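The values are calculated or read from the model by the stated rules, or taken from the named source; none is laboratory data. These figures come from a predicted structure and were not determined experimentally. Please note: Cβ atoms are built from the backbone with ideal geometry, for glycine as well, and neighbour counts cover all protein chains shown.
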Amino acid sequence: MMAAMWNRNLVLLLLCQFIAVSGSVVIVTIGGLVGAALSPDPALATLPLSIMVVGTALATVSAAMLMRRAGRRIGFVIGAAIAAGAGFFAAYALYVDSFAYFCVGVGLYGVNNAFVQQYRFAAAESVPAAVASRAISLVLLGAIGGAFFGPLLATVGQHFIESHVYMGSMLAIGALQVIAIILLHGLKEPLAVASGSAAHTSERPLRTIVLQPAFVVAVLASVVGYGVMTLVMTATPLSMHVHDGLSLRDTAWVIQSHVLAMYVPSLFSGVLIARLGVVRVLSLGLLSMLATIVFGLMGHAVMDYWWSLVLLGIGWNFLFVGGTALLVDSYRPVERFKAQAVNEFSVFGVSAAGSLLAGTLIHSWGWNVVLWSTAPLLIGMLAVLARFAMRSTQARPQNA
């Protein structure tokens with residue numbers, strides 16, 4: 001079945017996922033360090049990363065609506081074009097040592113991320129419903145290459161142009177996105193066949209869609225997973241490199257391991273959902289994120305950070321893939337764009353708040369407070385999931 005489900009769309013989306021994540025990993029690795037060097041206030045060091053997430057949050061609805069009118073292919077090409085410009089503009093910002101310009105460039109890259117997040121929906125729409133969760137997982141696997149290539153661009157790229165540290169890395173991001181533009185021109189418009197309610201052609205009110213228990217749980221799973229992950233990940237380079245004095249190489253390795261942990265489980269998370277059910281997979285994700293807190297509180301050595309960030313990545317994958325799989329089964333094909341827009345805006349709105357909060361928390365109160373601040377969200381989500389499981393043995397909405 002896995003071989004039969006492969007098609008040109010999945011291959012192109014996987015390759016473009018690799019390119020997009022490579023750029024994101026570069027920005028996550030060096031964004032806080034550039035901020036610390038250029039910003040007028042140490043508390044603003046993570047502002048570029050926060051603005052990237054804010055850019056994603058602000059663009060989610062527009063990206064979904066653009067693709068509703070113009071189609072997936074044109075929408076994805078526009079997003080990649082924005083990202084290419086963002087990389088080149090951020091490189092110029094480093095050339096002139098402008099913190100404000102760098103924030104703008106990184107923010108524009110975040111706009112493209114709003115389009116990139118739609119890759120998983122395009123994948124689900126490009127295959128039969130029975131393998132939608134596996135298609136989502138397969139496309140996310142493109143990020144594994146990005147997890148290896150991104151840190152390489154961050155560490156080696158800082159020396160591409162000796163007079164301006166990291167400028168070469170940002171130029172490379174722009175060039176990669178030009179390649180993505182070319183690849184995305186070959187995308188075939190998905191037929192939206194993945195929903196279990198393909199027979200329904202009438203469009204329900206948005207209120208009816210979002211009040212379904214399954215829709216609520218799906219959105220909350222992605223919101224909590226992305227929000228907690230962004231908060232902790234954004235704070236990590238500052239805590240490791242700036243506060244604890246650990247090397248950039250060690251910091252980049254931990255971030256690389258984290259990104260790998262985010263996406264390697266995609267090799268089997270779709271299969272786990274098919275075998276165990278989405279509720280159990282979501283529960284495993286939450287338990288993994290709770291373990292992140294435990295390991296993170298053990299100390300400030302490299303391996304303490306490594307275990308914490310790896311568990312964070314695994315938890316994110318189970319929550320994100322599980323939440324997406326539940327989401328795509330909660331709406332009819334004709335409803336997909338508005339339902340996806342609500343989900344994406346919710347996810348990245350909270351993620352933006354987490355990223356903005358990370359700089360203040362890590363600067364004012366330190367690493368341990370960053371970790372403890374995530375506990376209420378995780379415990380609350382466990383309670384919501386337990387209630388949902390009690391109400392239904394199958395995490396499947398009623399669309400009839």
For the range 182-291, list the helices (runs of 4 or more DSSP H) that sit wholly inside it and hold at least 2 residues that are at pLDDT 85 or above and crowded, with 22+ Cβ neighbours inside 10 Å; which are they? 213-237, 248-263
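Residue-wise test of (1) crowded, with 24+ Cβ neighbours inside 10 Å; (2) within 30 Å of residue 241 (Cβ to Cβ); (3) of a type in the set (Gly, Ala, Ser).
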residue: 109; (1), (2), (3): yes, yes, no
residue: 125; (1), (2), (3): no, no, no
residue: 130; (1), (2), (3): no, no, yes
residue: 135; (1), (2), (3): yes, no, yes
residue: 145; (1), (2), (3): no, yes, yes
residue: 148; (1), (2), (3): no, yes, no
residue: 153; (1), (2), (3): yes, yes, no
residue: 156; (1), (2), (3): no, yes, no
Would you call residue 79 surrounded by 24 or more Cβ atoms within 10 Å (Cβ to Cβ) and either under 21 Å from the mean Cα position of the chain (by Cα) or at pLDDT 95 or above (or both)? yes
Out of the range 306-336, which residues are of a type in the set (Phe, Trp, Tyr) and in contact with a Phe, Trp or Tyr (Cβ under 9 Å, 6 or more places away or on another chain)? 306, 307, 316, 320, 331
So which of 391, 387 is free of Cβ contacts under 8 Å to residues at least 40 places away in the same chain and charged (D, E, K, R)? 387
Matching residues in the range 331-363 - criterion: being under 16 Å from the mean Cα position of the chain (by Cα), under 15 Å from residue 234 (Cα atoms) and of a type in the set (Ser, Thr, Tyr): 351, 355
Residues of the range 320-367 being crowded, with 20+ Cβ neighbours inside 10 Å, at pLDDT 85 or above and of a type in the set (Phe, Trp, Tyr), which ones? 320, 367
